[in-house]
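J.: Please find one structure pasted underneath; my questions will follow.
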Amino acid sequence: MNVLVTGASGLLGASLVRFLATAGHRVVTLTRAASATTDLPAVWNPVAGQIDLHRAGRLDAVVHLAGETIVQRWTAGAKARIRDSRVRGTTLLCGALARLSEPPRVLITASATGYYGNRGDEWLDEQSVVGGGFLAEVSRDWEAATVPAAECGIRVVRLRLGLVLSARGGALGRMLPAFRLGIGGRLGDGRHYWSWITLDDVLRTIEHALGDEALNGPVNAVSPNPVTNREFTKILGEVLGRPTIFTVPAVAVRMLFGQMGKEALLASARVRPVQLEQTGFVFNLGELEPALRHLLHR
């Protein structure tokens, strides 16, 4: 397949490019450029509303992962960048795909379990209603921006990604230094649920979505076994052989990180991957302890 990938410089995007190329696919990356007048095969400037896909060749599929990181203090400017990079960027890309004489067969676009907001211990699936808060609003509008692609006949898969685990970076990579020093601990009371998935299983999920035409619409890209922050903390400490006696009070998380801490670190989303399971996807690492032991070579 000829696959266009956006967000190829990030942890997930760079891993996906290598994964698809190794599997024999031709991969074209959509590159950010100040001007569309370049010899690169596919370029865009979402801020300026410019995109040029005509040198990319006939595309079979697009995987859209681009977006400003949410791991920062959410000032007004940061929130605008987070929202615009997702909503305006997706609108620009989907409009361009819809205008192609031969649109791709499938568009796989990132979304997030932040769509569900803070829902306590309620089990959530793809049919659950959108939650409240900034992340939920952004995720809702992010997904809605794919409508032009769906309306022109492209099969659109909206991956609601949970916490993606990799020792090479992301959330787990940021946690490891403290936990290895024995000063890691739970956040608040630790009763909030974290829905997680390993990086390798995300890559396999994308491969599954490329080939399985039964997948359409929202798809929860999470392990079938979410855990509370308390459980996550305990298991990570046991895998590393380190104590986890410290606690970061919820008030301290909110003071340090502001709204991001409240919605991204302390919110609870207990999510099931119903669509994946119904289409026969099998997780290689669906339980947290063996997943962490594999990732950390323990």
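The values are calculated or read from the model by the stated rules, or taken from the named source; none is laboratory data. Predicted, not measured: the structure shown is a model, and the values here were computed from it. Glycine also receives a Cβ, built like all others from the backbone with ideal geometry; neighbour counts cover every protein chain displayed. Surface areas here come from the heavy atoms of the whole protein model, side chains and all, with no ligands, DNA or RNA. Shrake-Rupley method; radii C 1.70, N 1.55, O 1.52, S 1.80 Å.
J.: Of the residues that make up segment 169-189, is at least one modelled with pLDDT of 95 or more, over 21 Å from V248 (Cβ atoms) and either open to solvent by 20 Å² or more (accessible area, probe 1.4 Å) or outside any loop (DSSP other than H, G, I, E, B) (or both)?
T.: No; the residues of segment 169-189 include none that is modelled with pLDDT of 95 or more, over 21 Å from V248 (Cβ atoms) and either open to solvent by 20 Å² or more (accessible area, probe 1.4 Å) or outside any loop (DSSP other than H, G, I, E, B) (or both).
J.: So, L53, is that one open to solvent by less than 50 Å² (accessible area, probe 1.4 Å), at pLDDT 95 or above and either under 15 Å from the mean Cα position of the chain (by Cα) or within 21 Å of T146 (Cα to Cα) (or both) or not?
T.: no
J.: Are any residues in segment 158-168 open to solvent by 20 Å² or more (accessible area, probe 1.4 Å) and assigned to a strand (DSSP E or B), and if so, which ones?
T.: Those that are open to solvent by 20 Å² or more (accessible area, probe 1.4 Å) and assigned to a strand (DSSP E or B): R158, L161, L163, V164.
J.: Return the residues of segment 131-148 that are over 13 Å from T109 (Cβ atoms), among the small types (G, A, S) and surrounded by 15 or more Cβ atoms within 10 Å (Cβ to Cβ); say none if nothing qualifies.
T.: Hits for segment 131-148 are G131, G133, A136.
J.: Please enumerate the residues belonging to segment 279-293 that are open to solvent by 30 Å² or more (accessible area, probe 1.4 Å), part of a helix (DSSP H, G or I) and either without any contact (Cβ under 8 Å) to a residue 40 or more places away in the chain or touching a Phe, Trp or Tyr at 6+ places or on another chain (Cβ under 9 Å) (or both).
T.: If the condition is that a residue be open to solvent by 30 Å² or more (accessible area, probe 1.4 Å), part of a helix (DSSP H, G or I) and either without any contact (Cβ under 8 Å) to a residue 40 or more places away in the chain or touching a Phe, Trp or Tyr at 6+ places or on another chain (Cβ under 9 Å) (or both), then P290 is the only one that fits.
J.: Something else: So which of E151, E102 ends up being charged (D, E, K, R) and either buried (at least 24 other Cβ atoms within 10 Å of the Cβ) or in contact with a helix residue (DSSP H, G or I) (Cβ under 9 Å, 6 or more places away or on another chain) (or both)?
T.: Residue meeting the stated conditions: E151.
J.: Suppose we filter G217, G211, G261 for residues that are within 20 Å of R158 (Cα to Cα) and free of Cβ contacts under 8 Å to residues at least 24 places away in the same chain; which single one remains? Can you show your working first?
T.: Values: G217 fails: free of Cβ contacts under 8 Å to residues at least 24 places away in the same chain; G261 fails: within 20 Å of R158 (Cα to Cα).
Among G217, G211, G261, only G211 is within 20 Å of R158 (Cα to Cα) and free of Cβ contacts under 8 Å to residues at least 24 places away in the same chain.
J.: Regarding R242, is this residue open to solvent by 70 Å² or more (accessible area, probe 1.4 Å), modelled with pLDDT of 95 or more and within 20 Å of L181 (Cα to Cα)? Please lay out each step first, then the result.
T.: Values: open to solvent by 70 Å² or more (accessible area, probe 1.4 Å): yes; modelled with pLDDT of 95 or more: yes; within 20 Å of L181 (Cα to Cα): yes.
The answer is yes for R242.
J.: With the requirement that a residue be closer than 16 Å to R270 by Cα and either in a helix (DSSP H, G or I) or touching a Phe, Trp or Tyr at 6+ places or on another chain (Cβ under 9 Å) (or both), what does segment 221-257 give you?
T.: In the first step, residues of segment 221-257 are kept if they are closer than 16 Å to R270 by Cα; the result is 221-232.
Matches in segment 221-257: V222, S223, P224, N225, P226, V227, T228, N229, R230, E231, F232.
J.: In segment 44-84, which residues are in a strand (DSSP E or B) and of a type in the set (G, A, S)? Full working, then the answer.
T.: Taking segment 44-84 as the starting set, the residues that turn out to be in a strand (DSSP E or B) are 44-45, 50-52, 61-64.
Matches in segment 44-84: A61 only.
J.: Pick from L59, L53: which is more than 20 Å from D141 (Cβ to Cβ), touching a helix residue (DSSP H, G or I) at 6+ places or on another chain (Cβ under 6 Å) and free of Cβ contacts under 8 Å to residues at least 60 places away in the same chain?
T.: L53
J.: Still on this structure: Residue check: is A8 in contact with a helix residue (DSSP H, G or I) (Cβ under 7 Å, 6 or more places away or on another chain), buried (at least 16 other Cβ atoms within 10 Å of the Cβ) and in a loop (DSSP other than H, G, I, E, B)?
T.: Answer is yes for this residue.
J.: Continuing with this model, one more query. Within the bounds of segment 20-28, is there any residue that is in a helix (DSSP H, G or I), within 18 Å of the chain's Cα centre (by Cα) and farther than 21 Å from V138 by Cα? Don't jump to the end; show me each part of the working.
T.: Quick first cut of segment 20-28, residues in a helix (DSSP H, G or I) only: 20-22.
Checking the rest, the ones that are also within 18 Å of the chain's Cα centre (by Cα) come to 20.
Right, trim to farther than 21 Å from V138 by Cα and you get 20.
Within segment 20-28, one or more residues are in a helix (DSSP H, G or I), within 18 Å of the chain's Cα centre (by Cα) and farther than 21 Å from V138 by Cα.
J.: Which one of these is open to solvent by less than 40 Å² (accessible area, probe 1.4 Å) and of a type in the set (K, R): R73, R86?
T.: Just one listed residue meets the conditions, R86.
J.: So the check is Cβ under 9 Å with 6+ separation or different chains; which pairs have a first residue in segment 236-256 that's on the phi > 0 side of the Ramachandran plot and a second one that's open to solvent by 100 Å² or more (accessible area, probe 1.4 Å) and part of a loop (DSSP other than H, G, I, E, B)?
T.: Sorted first by the residue in segment 236-256, then by its partner, the pairs are G241/R298.
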